[in-house]
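Engineer: First, the structure itself, so that you have it in front of you.
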Amino acid sequence: MLAAVIYSVALFSAAALGASLADIDHVVLFMQENRAFDHYFGKLYGVRGFADPNVQVNADGRSSFYQQVNASLSNDTDILLPWYINAQGGEYVNGTQCMDAGSNGFGSNHAALGNGSNDLWALLNTPQSLAYFRREDIPIQYAITDGWTVADMYQQGVVASTNPNRVLWQSGSINIPGGNVNSTQGPVLDNNGTPGCDTLSLENYLTGKNVQTYQNVSCYPYDWKTVPEYLQELNVTWWVYQAYDNFGDNGLTSFDRYIWDSSNTVNDTVNDLVVRGMTMDWTGAGAWSGGLDHFKADAAAGTLPAVSWIIGPAELSEHPPYTPRQGAWLQKEVINAVQRSPKYNKTILLVSFDETGGWADHVIPFHSPEGTPGEWINNPFTNTSTFAGPGFRVPFYAISPYSRGGNVFTEPADHTSQILFVEKFLAAKGINFKSAEINTWRREHMSDLTAMFDFSTADSSFYTLPEGEAPYQDALTGLLYGAEFCESKYEGFINAEVPYGKQNATAELSVEAGFRPVRGSITEGRYLVLESASLALMDSNGALAVSSPRTQKETDPTQRWVVHAIDSTVASATVFKLATSAGQYITSDLGLTSVSSAATWNITHIAATVGTYWVQETSSSLYLTLTAGKPVLGNNPAPFKIYSVTF
């Protein structure tokens, strides 16, 4: 009965505001380039970063933060931790903005992952892969996470380079054999843009040579159905905002139906798919700004299409050597255009990155079981079967009045999740769109992102982002030259010194102190605070108790809890063991003991009230409730708020 009351209250609140997913009119999908989650946000407060309490510990007793090093790299140490890219200070603070990492290719990134140990980045990709930024280096990106909702389990769709990930983003598939696509083209594993099939090669960074090749992949052009084709058939408005200098980042250019030639004309009229998907806008400000100016004009007029994609110019893409500061300017322009739109309260902007660009991430990619149709493929470099994706984590955040508040979204997601969200968005409007190309496993395990948004609470106030670095633009040609400026001005200060044998683990793996409200289904990787009925669950000298919630939730070590998943192969798993940060586990009679006597707990996210959870002991089916005296188990579920804390 209580559950029904909570659900009814949630529905009433949303109805009172007049807001639901059905009230959204515009979904904007904006993808940047080649940055990993740890590389940008390993230090960020309240997320699964360098303070991860569930980090994998390998057979050598070291966690995956400790990357293997041998004499080919250094004689000073046998490990390399993530390292601060600007530790040397001086002009490195500016020069490292255009520093490159390693390879983003299929072979090198699977090699870095090893056999699941995820500790071969320095040896089999590059030592530079482990470098990371802090808030002072990328203040706009950090401020975006403070203002809205950041996802810390969003993964690249394919363990590969740009084009495979962008093809997946705009079509739902890269055509791995056994999947939902019936085509001889593909599988898309690299950036081939020449008619015919390509050859993959693995560059061995120890010798500088290509050591093995893989024939007949990325057989271009591709011929399966893309998301815009579905939208076109359903009379759903859509557009791809792009300028001439779009870095080849529009995945639709890889498909035969978007090639601008006589085969795609009808009665001498260019196919509408080509017009909407391929048009490159030019303005007087230069080729790079046309798509942005077009987007800003439509946002200001409230005339954005129902679904749109933004393809930024190369120089502002954040793809090394193109700098995070220049890319931050573009992110801010897009976000502010949405905020200033008269239809901001009817718009959702999703900002993502296509892949890691060879930068490292410590989280083992959540992926399908071996042999899953359409997901597993032979790795030619090892002659073993491996998953094509999802891959390592990349930055991702949602901008809207319904995602404000500096939240963290914890559900596993990848580029197909954006398509699943568009499906949910259109379904809420009575339009039946389902991408048949998305494989069954991803549809079942990747988030549809809806839990990022709380439509019962809206904050449409303008959120002011920090001032940033304006694009470097040639006054005569209008061409951008931010990367060229960086490489020229800071020559000699770009490639920061790898700190072999000079690292302090406490310093490198320290993070910002703070907390974020959790949205979405719980996953491992965070210290959590559990609050209910104006009380917080706590460990009182080895006994379970309650106390007053802290304003700064990260300040009290007695209120920190860690979840340990019972089945880590299921993305939507809700059953965990609950432990203190010291490793004492909650029992079925609400005591604290060793793991062998731990109870299991079903921690369920209540979809009707975003950010609210029930905590149920599985053997008795009783619910955890916090009372003024102590925690108890009862028949009625008590709503909990959960916060992710770092300290």
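Engineer: Would you be able to tell me the number of residues in region 323-344 that are closer than 13 Å to I144 by Cβ and either touching a Phe, Trp or Tyr at 6+ places or on another chain (Cβ under 7 Å) or buried (at least 21 other Cβ atoms within 10 Å of the Cβ) (or both)? Give the derivation first.
Structural biologist: Kept after step one, since they are closer than 13 Å to I144 by Cβ, are these residues of region 323-344: 324, 327-336, 338-339.
Right, trim to either touching a Phe, Trp or Tyr at 6+ places or on another chain (Cβ under 7 Å) or buried (at least 21 other Cβ atoms within 10 Å of the Cβ) (or both) and you get 324, 327-328, 330-331, 334-335, 338-339.
Residues in region 323-344 being closer than 13 Å to I144 by Cβ and either touching a Phe, Trp or Tyr at 6+ places or on another chain (Cβ under 7 Å) or buried (at least 21 other Cβ atoms within 10 Å of the Cβ) (or both): 9 in total.
Engineer: Something else about it: Across region 49-73, what is the total count of residues that are touching a Leu at 6+ places or on another chain (Cβ under 8 Å) and surrounded by 16 or more Cβ atoms within 10 Å (Cβ to Cβ)? Steps first, please.
Structural biologist: Looking only at region 49-73, we keep the residues that are touching a Leu at 6+ places or on another chain (Cβ under 8 Å), and these are 50-51, 65-70, 72-73.
Next, from what is left, pick out any that are surrounded by 16 or more Cβ atoms within 10 Å (Cβ to Cβ): 50-51, 65-69, 73.
The total comes to 8.
Engineer: Please list, ordered by first then second residue, the pairs with beta carbon atoms under 6 Å, 6 or more apart or interchain, first in region 329-345 and in the same structural domain as D146 (by TED's automatic domain parsing) and at pLDDT below 95, second assigned to a helix (DSSP H, G or I) and crowded, with 18+ Cβ neighbours inside 10 Å.
Structural biologist: Listed pairs, sorted by first residue: none to list.
Engineer: Out of the residues in region 162-188 that are surrounded by 24 or more Cβ atoms within 10 Å (Cβ to Cβ) and of a type in the set (G, A, S), state the one that is farthest from N378 (Cα to Cα).
Structural biologist: The selected residue is S171.
Engineer: Go over the candidates T477, T523 one by one and state the one that is among the β-branched types (V, I, T), surrounded by 20 or more Cβ atoms within 10 Å (Cβ to Cβ) and part of a loop (DSSP other than H, G, I, E, B). Reasoning before the result, please.
Structural biologist: On the way: T477 fails: surrounded by 20 or more Cβ atoms within 10 Å (Cβ to Cβ).
On inspection, the qualifying residue turns out to be T523.
Engineer: Of A483, A470, which residue is crowded, with 18+ Cβ neighbours inside 10 Å, touching a helix residue (DSSP H, G or I) at 6+ places or on another chain (Cβ under 8 Å), assigned by TED's automatic domain parsing to the domain that holds F453 and modelled with pLDDT of 95 or more?
Structural biologist: Details: A470 fails: crowded, with 18+ Cβ neighbours inside 10 Å.
Every option except A483 fails the conditions.
Engineer: Does any residue of region 65-87 turn out to be of a type outside the set (V, I, T) and part of a helix (DSSP H, G or I)? Steps first, please.
Structural biologist: As a first pass, look at region 65-87 and keep what is of a type outside the set (V, I, T): 65-68, 70-76, 78, 80-84, 86-87.
From what is left, the residues that are part of a helix (DSSP H, G or I) are none.
Within region 65-87, none of the residues are of a type outside the set (V, I, T) and part of a helix (DSSP H, G or I).
Engineer: With the condition kept exactly as written, say whether any residue in region 401-414 is in a loop (DSSP other than H, G, I, E, B), over 17 Å from the mean Cα position of the chain (by Cα) and either of a type in the set (S, T, Y) or outside the structural domain of D354 (by TED's automatic domain parsing) (or both). Steps first, please.
Structural biologist: Going through region 401-414, the residues in a loop (DSSP other than H, G, I, E, B) turn out to be 401-406, 410-412, 414.
Then drop every residue that is not over 17 Å from the mean Cα position of the chain (by Cα), which leaves 401-402, 404-405.
Checking which are either of a type in the set (S, T, Y) or outside the structural domain of D354 (by TED's automatic domain parsing) (or both) leaves us with 402.
Yes: one or more hits.
Engineer: Further question: Given the structure, is A545 aliphatic (A, V, I, L, M), surrounded by fewer than 19 Cβ atoms within 10 Å (Cβ to Cβ), outside the structural domain of E136 (by TED's automatic domain parsing) and at pLDDT 95 or above? Lay out the reasoning, then the answer.
Structural biologist: Details: aliphatic (A, V, I, L, M): yes; surrounded by fewer than 19 Cβ atoms within 10 Å (Cβ to Cβ): yes; outside the structural domain of E136 (by TED's automatic domain parsing): yes; at pLDDT 95 or above: yes.
So A545 passes the test.
Engineer: Here's another thing I want to ask about it. Out of region 360-375, which residues are over 17 Å from R393 (Cβ atoms) and surrounded by fewer than 20 Cβ atoms within 10 Å (Cβ to Cβ)?
Structural biologist: Correct list: P369, E370, G371, T372, P373.
Engineer: Quickly run through region 532-586 and pick out the residues that are in contact with a Ser or Thr (Cβ under 8 Å, 6 or more places away or on another chain), assigned to a loop (DSSP other than H, G, I, E, B) and of a type outside the set (G, A, S).
Structural biologist: P549, D556, R560, I566, T574, Q584
The values are calculated or read from the model by the stated rules, or taken from the named source; none is laboratory data. Because the structure is a prediction, the values reported are computed rather than measured. Virtual Cβ from ideal backbone geometry, glycine too; neighbours counted across all protein chains shown.
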